[in-house]
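Asks: Sharing a structure here in structure tokens format.
The values are calculated or read from the model by the stated rules, or taken from the named source; none is laboratory data. Quick caveat, the model's predicted, so the values are computed rather than measured. With ideal geometry, Cβ positions are generated from the backbone for all residues, glycine too; neighbour counts draw on all protein chains shown. Just so you know, the surface numbers come from the protein's heavy atoms only, side chains and all, with ligands and any DNA or RNA stripped out. Shrake-Rupley method; radii C 1.70, N 1.55, O 1.52, S 1.80 Å.
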Amino acid sequence: MKRLTLADCFDPTGERFGLPTYPWRYAPDGMATRRQLRIRGLRPGGQDIAAQILRPRRRREPLTAYLYRIDLARPVRPMTPGRWRAHEAMMRARRRCPECGTDVGYVIPPTLGACVTCAFPEGQRAA
């Protein structure tokens, strides 16, 4: 695998990668990533990916970030009372321990699969 350099990432016509491609931190004006759109209170709104940014890395594939046109972005949809209820129910389910059934007050890590008390019962007896 040939190592990708910063100069290899510059392809504004899209001949090499199929999409206009720019090096990391060299995105053209008028384009933004999803996170950058969200900071401005916008969302892609169904538009196709306009370009991409590549960041070369040693011994691994380059990081890719997709760019969207800011002028075609739409405002973020507001949270309705129904969406808030659904969000609260989802978070409540993530806090409930499947072993003991209590709401532990934090999101249970998927790696444990249970609250800390149930995952490490021997550590709780010592304390």
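Asks: Would you check which residues across segment 52-99 are surrounded by fewer than 11 Cβ atoms within 10 Å (Cβ to Cβ), over 30 Å from Arg25 (Cα atoms) and of a type in the set (Asp, Glu) and list them?
Replies: Glu88
Asks: Let me ask something else about it. Which is touching a helix residue (DSSP H, G or I) at 6+ places or on another chain (Cβ under 7 Å) and at pLDDT below 95, of Thr5, Thr21? First the steps, then the outcome.
Replies: Numbers: Thr5 fails: touching a helix residue (DSSP H, G or I) at 6+ places or on another chain (Cβ under 7 Å).
Every option except Thr21 fails the conditions.
Asks: Going through segment 100-112 one residue at a time, which ones are over 20 Å from Glu88 (Cα atoms) and surrounded by 11 or more Cβ atoms within 10 Å (Cβ to Cβ)? Spell out the reasoning first.
Replies: Taking segment 100-112 as the starting set, the residues that turn out to be over 20 Å from Glu88 (Cα atoms) are 100, 111-112.
Cys100, Leu112 - these are the residues of segment 100-112 that are over 20 Å from Glu88 (Cα atoms) and surrounded by 11 or more Cβ atoms within 10 Å (Cβ to Cβ).
Asks: Please count how many residues of segment 3-35 are more than 23 Å from Asp71 (Cα to Cα) and outside any loop (DSSP other than H, G, I, E, B).
Replies: 3
Asks: Quick check: anything in segment 30-46 within 21 Å of Leu4 (Cβ to Cβ), small (Gly, Ala, Ser), touching a residue at least 40 places away in the same chain (Cβ under 8 Å) and open to solvent by less than 100 Å² (accessible area, probe 1.4 Å)?
Replies: Within segment 30-46, not a single residue is within 21 Å of Leu4 (Cβ to Cβ), small (Gly, Ala, Ser), touching a residue at least 40 places away in the same chain (Cβ under 8 Å) and open to solvent by less than 100 Å² (accessible area, probe 1.4 Å).
Asks: Picking from Ala73, Ala27, Ala50, which residue would you name as being in contact with a Leu (Cβ under 9 Å, 6 or more places away or on another chain), more than 30 Å from Arg3 (Cα to Cα), aliphatic (A, V, I, L, M) and in contact (Cβ under 8 Å) with a residue 12 or more places away in the chain?
Replies: Sole residue among the options that is in contact with a Leu (Cβ under 9 Å, 6 or more places away or on another chain), more than 30 Å from Arg3 (Cα to Cα), aliphatic (A, V, I, L, M) and in contact (Cβ under 8 Å) with a residue 12 or more places away in the chain: Ala73.
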